[in-house]
């Protein structure tokens, strides 16, 4: 039986078309993927992301534990700052990509919904020898993402806190819509946006307040469909498609979150070797020339020879053409390289482009 997020009733009331996703009943769309996508790019949209896992890590060795667990550098994190990182298996494969916040008496780790139980089991296994507590806060905490260029003006109506003073990947504890919560300037769309973390029992009230505050800006609820097209236009990796236990962060284009000089961490030796020897393939952005939409698992060829496979593909509402991500053998990864994707409807010509696909996003 699928679980329901704290916003389930509000989403059904708003006309959300529900699907089973990562063990939850989630809305795939409301008005439609293209209008919802456009709303976020031009105004403001609201995403229920309470299906994401929220894990508290605390104790005297919490920092030391996390430093060993993840690839990015934890020790440089300021109070209320967010960090994007990955945790790897010893062979360099990715357990998950995550967001970690440094809060006054603990770290908040946000993990992908489909990986929540797996991630927590992995974290507990690694924490055995550390004086560290790992506490699942998923069920008791709601998470709402409000995204789009008009977001600051909308949410400022609900709080006396200075939202303009919160930098990208920074956060603040505040009262918003009459509820004490943690608010961070983060998101998965490329647009300016905030994510709100607060006790689940206030979900309905916060939802109503946010929509009331944004009514003059045409605020709208956004489903999983537009969430996917928005993130793909920015080349944000999706676990299970673009990254998983068979991919390492170097070939996935995530070497910027791998700090090899920070000291020892899980898979450091493997990732150092991959970096030195250069990966045999890389995740690249592919833009369709003409018609056609590549889909996951479609084969990528060059001169009739298979050189890779698509991991994510869609029609880009912003660019009005097909776009895709895919792993391509080194030698075919440079910008402007022309390749062919074998789709179910025939062969489609694509060209390798620099990320992101969409270059006019509003995030600060």
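The values are calculated or read from the model by the stated rules, or taken from the named source; none is laboratory data. What you see is a predicted model, and the numbers here were worked out from it, not measured in a lab. Note that each Cβ is placed from the backbone with ideal geometry, even for glycine, and that neighbours are counted across all protein chains shown.
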Next item on the list: Identify, from the list 123, 181, the residue that is buried (at least 20 other Cβ atoms within 10 Å of the Cβ), under 30 Å from residue 67 (Cα atoms), outside the structural domain of residue 206 (by TED's automatic domain parsing) and at pLDDT 95 or above.
Entry: 123
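For (1) touching a helix residue (DSSP H, G or I) at 6+ places or on another chain (Cβ under 7 Å); (2) farther than 27 Å from residue 38 by Cα, each residue gets a yes or a no:
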position	(1), (2)
81	no, yes
100	yes, yes
105	no, yes
117	no, yes
144	yes, no
147	yes, no
161	no, yes
171	no, no
Item checked: Filter result for the condition that a residue is more than 19 Å from residue 258 (Cβ to Cβ) and either assigned by TED's automatic domain parsing to the domain that holds residue 200 or surrounded by 23 or more Cβ atoms within 10 Å (Cβ to Cβ) (or both), over 94, 166 -> 166
Item checked: Filter result for the condition that a residue is over 23 Å from the mean Cα position of the chain (by Cα) and outside any helix (DSSP H, G or I), over 145, 161 -> 161
Margin query: Based on this model, can you work out whether residue 155 counts as closer than 29 Å to residue 274 by Cα and in contact with a strand residue (DSSP E or B) (Cβ under 7 Å, 6 or more places away or on another chain)?
Written below: no
Notebook entry, point to check: Would you call residue 240 surrounded by fewer than 20 Cβ atoms within 10 Å (Cβ to Cβ), modelled with pLDDT under 95 and over 16 Å from residue 355 (Cβ atoms)?
Noted result: no
Next item on the list: Please give the number of the condition residue 76 fails out of (1) modelled with pLDDT of 95 or more; (2) over 21 Å from the mean Cα position of the chain (by Cα); (3) outside the structural domain of residue 212 (by TED's automatic domain parsing).
Entry: (1)
Notebook entry, point to check: When you go through 339, 325 one by one, which is the residue that is within 21 Å of the chain's Cα centre (by Cα) and closer than 23 Å to residue 251 by Cα?
Noted result: 325
Next item on the list: Could you run through the stretch 226-266 and say how many residues are under 30 Å from residue 17 (Cβ atoms) and assigned to a helix (DSSP H, G or I)?
Entry: 8
Notebook entry, point to check: Does the stretch 15-22 include one or more residues that are touching a strand residue (DSSP E or B) at 6+ places or on another chain (Cβ under 7 Å), crowded, with 16+ Cβ neighbours inside 10 Å, assigned to a strand (DSSP E or B) and modelled with pLDDT of 95 or more?
Noted result: yes
Next item on the list: Within the stretch 348-361, identify whether any single residue is without any contact (Cβ under 8 Å) to a residue 60 or more places away in the chain and farther than 26 Å from residue 186 by Cβ, and answer yes or no.
Entry: no
Check: Got at least one residue in the stretch 322-345 being free of Cβ contacts under 8 Å to residues at least 40 places away in the same chain and under 30 Å from residue 164 (Cα atoms)?
Finding: no
Check: Of the residues 195, 152, 175, 212, which single one is assigned by TED's automatic domain parsing to the domain that holds residue 7, assigned to a strand (DSSP E or B), farther than 24 Å from residue 109 by Cβ and modelled with pLDDT of 95 or more?
Finding: 175
Notebook entry, point to check: Pick from 54, 41: which is out of contact with any strand residue (DSSP E or B) (no Cβ under 9 Å at 6 or more places or on another chain) and either crowded, with 22+ Cβ neighbours inside 10 Å or under 30 Å from residue 4 (Cβ atoms) (or both)?
Noted result: 41
Item checked: Residue that is touching a helix residue (DSSP H, G or I) at 6+ places or on another chain (Cβ under 7 Å) and under 30 Å from residue 294 (Cα atoms), where the choices are 192, 228 -> 192
